[in-house]
Amino acid sequence: MAERKVQKTEPPRMYQVVMLNDDYTPMEFVVMVLQEYFQRDIETATQIMLKIHHEGRGVCGVYSKDVAATKVELVLTAAKRSGHPLQCTMEAA
Ligand code: TYC
């Protein structure tokens with residue numbers, strides 16, 4: 001009997017964009033970033049910001065590799081431009 005190979009396409013790996021707490025970036029700036037770059041409404045953005053503030057880090061969203069990398073760059077650029085030390089990174093989800 002002929003064997004048929006089932007062609008499998010793995011779903012793309014997903015990456016979470018993680019934001020880190022620091023003592024200097026204003027809470028309002030973090031909330032603004034979460035609204036602007038992660039499409040969070042103000043209530044959700046505030047919750048995520050407070051979670052980072054209290055726990056040291058928090059997930060902003062989960063995306064494909066390219067999208068996650070772009071969002072990290074956008075956040076770091078916005079933080080630098082505003083003179084804030086806000087740090088952001090991505091990791092495999
Ligand atoms: N800890 C900061 C403050 O008290 C607020 C803050 C929250 C900073 C989240 C960074 O990712 C962050 N002003």
Kirkwood Rh over alpha-carbon pairs of the chain plugged into Stokes-Einstein at 25 °C, 0.890 mPa s gives a D in µm²/s of 172 µm²/s
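Could you work out the mean projected area of the convex hull around the alpha carbons of segment 15-54, in square nanometres to one decimal? Mind dumping the intermediate values first?
On the way: hull surface 11.0 nm².
Computed as one quarter of the Cα hull surface, the answer is 2.8 nm².
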Under 5 Å, built H, 5+ apart or other chain: amide partners of Gly61 = Val17
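Determine the share of the chain's accessible area contributed by carbon and sulfur atoms, expressed in whole percent, with a 1.4 angstrom probe. Intermediate values should be presented prior to the final figure.
Details: 3490 of 6600 Å².
On the chain, the fraction of accessible area on carbon and sulfur atoms equals 53 percent.
Calculate for the chain the 222 nm mean residue ellipticity that helices alone would give, adding -39,500 (n - 2.57) per DSSP H run of length 4 or more and normalising by residue count, nearest 500 deg cm²/dmol.
On the way: 3 runs with 44 residues, N = 93.
Result for the chain, helices only: -15500 deg cm²/dmol.
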Could you work out how far helix 27-38 tilts from the main Cα principal axis of the chain, as a 0 to 90 degree angle to the nearest 10?
-> 30 degrees
Name the lysines eligible as straight-distance cross-link partners of Lys71: C-alpha to C-alpha under 19 Å, and not fewer than 8 places from it in the same chain.
-> Lys80
Rounded to 10°, Cα long-axis angle of helix 42-55 versus longest principal axis of the chain | 90 degrees
In the neighborhood of Val59, defined by Cβ-to-Cβ distances under 13 Å, what is the net charge if each Lys or Arg adds +1 and each Asp or Glu adds -1?
-> +2
Phi to ³J(HN,Hα) by Karplus 6.51 cos²θ - 1.76 cosθ + 1.60 over segment 6-16, Hz, x for Gly, Pro | 7, 7, 10, 10, 5, x, x, 5, 10, 10, 9
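Do any GluC sites (Glu not before Pro) in segment 1-63 lie in a DSSP loop with no more than 14 other beta carbon atoms within 10 Å, and if so, which? Could you put the intermediate results ahead of the total?
Working: sites: Glu3, Glu28, Glu36, Glu43, Glu55; in loops: Glu3.
Loop-located and lightly packed - Glu3.
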Which net charge results when you count Lys and Arg as +1 and Asp and Glu as -1 among the other residues whose beta-carbon is under 13 Å from that of Gln16?
-> +3
Using the Cα centre as the reference, give the magnitude of the dipole from point charges on the C-beta atoms of segment 14-83 (Lys, Arg: +1; Asp, Glu: -1; all else neutral), rounded to the nearest 20 debye.
-> 200 debye
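The values are calculated or read from the model by the stated rules, or taken from the named source; none is laboratory data. No experiment lies behind these values; they were computed from the predicted model shown. Ideal geometry is used to build each Cβ from the backbone, glycine not excepted, and the neighbour counts take in all protein chains shown. These area figures cover heavy atoms from the full protein model, side chains too; ligands, DNA and RNA do not enter into them. Shrake-Rupley method; radii C 1.70, N 1.55, O 1.52, S 1.80 Å.
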